[in-house]
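Participant: One structure follows; several queries about it will come next.
The values are calculated or read from the model by the stated rules, or taken from the named source; none is laboratory data. Note that the structure is a prediction, hence the values are computed from the model and not measured. Glycine gets a Cβ as well: all are built from the backbone with ideal geometry, and neighbour counts include every protein chain shown.
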Amino acid sequence: MSGEDDILVPEIGFALDPEQPAPEVFQRLMQSVAETERFAAFADRVASLMDVAVSHASGLLRAIDQAGKWEPGPLDWIQLFHLEGGPKVANAIVGFIRLEPGTVFPPHEHLGEERVLILQGGYQDEDGTVYKSGDLVVGAAGDSHFFTALEGADLIYLVVVQEGVKIGDQVIRAGDPRL
């Protein structure tokens with residue numbers, strides 16, 4: 001292709017009359033754009049909690065809406081999006097967790113410090129405290145509790161729990177094949 005041809009190709013688009021897309025097509029396009037960036041405000045915080053670059057955290061947040069990223073968890077009603085953090089969280093379970101509204105996460109014990117950043121929805125802890133999107137909840141090693149996902153949107157949160165978690169008789173640690 002000659003240099004002249006390269007110059008003419010972009011001009012073809014300007015020769016066409018502009019058309020307005022059908023309202024439903026425009027709405028789908030705008031929803032798609034909004035969904036891919038809907039968690040962008042959390043990128044810095046996710047990067048810090050996971051010990052990764054902000055650009056990496058941004059990509060992970062964009063992938064939340066991709067169904068293929070989610071897998072069943074060790075309990076049937078938990079969906080997991082497995083993540084690998086940086087060196088500071090090498091011994092931690094790191095991932096996004098999704099629970100449907102009304103789901104009760106059973107009593108469990110943190111084997112190390114747990115940090116939860118709520119991205120969507122919220123939950124009520126057993127003591128009645130309500131946590132919602134944007135809240136960072138820190139639990140100490142040895143803490144034990146249960147919580148219930150609030151009504152409305154699915155609860156989606158990032159969890160970074162050092163050393164693992166004990167649910168009933170099950171001890172789950174980073175690298176556990178059930179994750």
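Participant: Select from the range 93-120 the residues that are assigned to a loop (DSSP other than H, G, I, E, B), in contact with an Asp or Glu (Cβ under 8 Å, 6 or more places away or on another chain) and either of a type in the set (A, V, I, L, M, F, W, C) or within 15 Å of residue 163 (Cβ to Cβ) (or both) and list them in ascending order. Write out each step before concluding.
Facilitator: Applying the first criterion (assigned to a loop (DSSP other than H, G, I, E, B)) to the range 93-120 yields 100-103, 111-113.
Next, only the ones that are in contact with an Asp or Glu (Cβ under 8 Å, 6 or more places away or on another chain) stay: 100-102, 111-112.
Scanning the range 93-120 gives 111, 112.
Participant: What pairs come out if I take residues in the range 53-79 that are in contact (Cβ under 8 Å) with a residue 60 or more places away in the chain and closer than 25 Å to residue 167 by Cβ and pair them with residues that are polar (S, T, N, Q) and surrounded by 14 or more Cβ atoms within 10 Å (Cβ to Cβ) whose C-beta lies under 8 Å away, six or more apart or interchain?
Facilitator: Between residues of the range 53-79 that are in contact (Cβ under 8 Å) with a residue 60 or more places away in the chain and closer than 25 Å to residue 167 by Cβ and residues that are polar (S, T, N, Q) and surrounded by 14 or more Cβ atoms within 10 Å (Cβ to Cβ), the close pairs are 73/79.
Participant: Shifting gears a bit: Evaluate the following for residue 87: is it at pLDDT below 90 and more than 24 Å from residue 132 (Cα to Cα)?
Facilitator: Against the criterion (at pLDDT below 90 and more than 24 Å from residue 132 (Cα to Cα)), residue 87 does not qualify.
Participant: Filter the range 72-96 for residues that are out of contact with any Gly (no Cβ under 7 Å at 6 or more places or on another chain) and among the hydrophobic types (A, V, I, L, M, F, W, C); which is farthest from residue 127 (Cα to Cα)? I'd like the intermediate steps shown before the answer.
Facilitator: Let us first name the residues in the range 72-96 that are out of contact with any Gly (no Cβ under 7 Å at 6 or more places or on another chain), namely 72-78, 84-91, 95-96.
If we keep only those that are among the hydrophobic types (A, V, I, L, M, F, W, C) as well, we get 75, 77-78, 89-90, 96.
Working: 75: 23, 77: 22, 78: 22, 89: 28, 90: 31, 96: 24 Å.
Filtering first and then ranking leaves 90.
Residue-wise test of (1) touching a strand residue (DSSP E or B) at 6+ places or on another chain (Cβ under 8 Å); (2) in a loop (DSSP other than H, G, I, E, B).
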residue	(1), (2)
138	yes, no
147	yes, no
151	no, yes
159	yes, no
179	yes, yes
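Participant: Follow-up question, since we're still on this one. Any residue at all in the range 121-128 that's assigned to a strand (DSSP E or B) and in contact (Cβ under 8 Å) with a residue 40 or more places away in the chain?
Facilitator: Of all residues in the range 121-128, those assigned to a strand (DSSP E or B) come to 122-125.
With the extra rule that they be in contact (Cβ under 8 Å) with a residue 40 or more places away in the chain, the set shrinks to none.
No - not one qualifying residue is present in the range 121-128.
Participant: Okay, moving on. Could you please let me know if residue 169 is of a type in the set (Asp, Glu), surrounded by fewer than 19 Cβ atoms within 10 Å (Cβ to Cβ) and modelled with pLDDT under 95? Don't jump to the end; show me each part of the working.
Facilitator: On the way: of a type in the set (Asp, Glu): yes; surrounded by fewer than 19 Cβ atoms within 10 Å (Cβ to Cβ): yes; modelled with pLDDT under 95: yes.
Yes, satisfied.
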